């Protein structure tokens, strides 16, 4: 049986998340560059790069970028948006990366962490981040803030986009935030749905800062700073929407 992340990042993902914008990625990259203190021409790995918005913004900012993702569908879109082949795009599992390392920085963005059931699997990811980095290399993990997410969870939403009815149901169960997505083609003025819905699950394990600190220690990574958002310097566990972890190798 396929894992949820093997099924959910396909063609329908492009529809559900089409609202993500390039300018937002550029603003976030500008912040990341300052937090990481990257020198011009530094080698950066975008781990779980998706459609490559941040990879392309990092390239435009003057860095040598590799983007890696498990989804060939998302990598296809990334390559389409990079006709000159300025970024190196690779397919791979974040727990076992097909790379030798030597990067000045690794970035893991938009809650592309916490996909697995076992903590040991997430520690594997962190150990791979360590392996990718040069000595004193830097990293960013942009993760959701568990308490803020629980307090502001929208249980259900629905919208129509490109003739498709998209419904999303969100819940927190057994230490995970879960989103069930249903997509159905609609027809006519009455909004009839002539086809069976296409159903997907997204599931992220809820980690807090203490959990991250313990797992990072197991991977010989040092937590230096947590930011609460790309517009915030300080992290407030109850009020910050994000938990953006900045650190380095030992």
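Every number in this text was worked out from the coordinates using simple rules, so none of it is lab data. Remember, it's a predicted structure, so these values are computed and weren't measured experimentally. Here the Cβ positions follow ideal geometry from the backbone for every residue, glycine too, while neighbour counts run over all protein chains shown.
Based only on other Cβ atoms within 10 Å, what is the fewest-to-most ordering of 205, 134?
Numbers: 205 19, 134 14.
By the 10 Å Cβ count, ascending, the order reads 134, 205.
What is the order of 139, 110, 212, fewest Cβ neighbours within 10 Å to most? If you can, show how the numbers build up before the last one.
Numbers: 139 27, 110 17, 212 21.
By the 10 Å Cβ count, ascending, the order reads 110, 212, 139.
At 222 nm, what value in deg cm²/dmol follows for the chain if DSSP H runs of at least 4 each add -39500 (n - 2.57) and the sum is divided by all its residues, to the nearest 500? Numbers along the way, then the final one.
On the way: 8 runs with 72 residues, N = 250.
Result for the chain, helices only: -8000 deg cm²/dmol.
For the chain, take the convex hull of the Cα atoms, compute a quarter of its surface area, and give me that in nm², please. Present the calculation step by step, with values, prior to reporting the outcome.
On the way: hull surface 56.6 nm².
If I average the Cα hull's projected area over directions, I get 14.1 nm².
By how many degrees, 0 to 90 and rounded to 10, does the Cα axis of helix 119-132 deviate from the longest principal axis of the chain?
Compared with the principal axis, the helix lies near 50 degrees.
Could you tell me what % of all Cα pairs in segment 12-81 have separations over 16 Å? Display every interim value, and only then the final one.
Details: 1126 of 2415 pairs.
Everything past 16 Å amounts to 47 percent.
Over the alpha-carbon set of segment 117-250, work out the extent along each principal axis and list the three values in angstrom, largest first.
Sorted from largest, the Cα extents of segment 117-250 read 61, 30, 28 Å.
Expected output is a single nm value to one decimal: the length gained when fully extending between residue 131 and residue 73, i.e. 0.36 nm times separation in residues minus the C-alpha distance. What is it?
Working: separation 58, 0.36 × 58 = 20.88 nm, distance 2.66 nm.
Roughly 18.2 nm would be gained on extension.
So if R0 is 35 Å, what FRET efficiency would residue 180 and residue 34 give, r being the distance between their Cβ atoms, rounded to the nearest 0.05?
Values: r = 37 Å, r/R0 = 1.07.
E between residue 180 and residue 34, to the nearest 0.05, is 0.40.
Determine, for 128, 168, 121, the number of other Cβ atoms within 10 Å of each Cβ, and report the residues in order from fewest to most. Mind dumping the intermediate values first?
Details: 128 22, 168 18, 121 14.
In order of increasing Cβ crowding within 10 Å: 121, 168, 128.
Taking 0.36 nm per intervening residue step and subtracting the Cα-Cα distance, what contour gain separates residue 80 from residue 119 on full extension?
Working: separation 39, 0.36 × 39 = 14.04 nm, distance 3.50 nm.
Additional length available on full extension: 10.5 nm.
Normalised by the residues of the chain, what does the relative contact order come to in percent, with Cα pairs under 8 Å and at least six apart? It would help to have the intermediate numbers written out before the result.
Values: 478 pairs, mean separation 43.7, N = 250.
Relative contact order of the chain: 17 percent.
With r defined as the distance between the Cβ atoms of residue 19 and residue 193 and R0 fixed at 25 Å, what FRET efficiency is calculated, to the nearest 0.05?
On the way: r = 22 Å, r/R0 = 0.89.
Rounded to the nearest 0.05, the efficiency is 0.65.
Relative to the compact globular guide of 2.2 N^0.38 Å, what is the alpha carbon radius of gyration of segment 148-205, as a ratio? Working shown, then result.
Numbers: Rg = 13.5 Å, N = 58, 2.2 N^0.38 = 10.3 Å.
In units of the globular-protein estimate, segment 148-205 measures up at 1.31.
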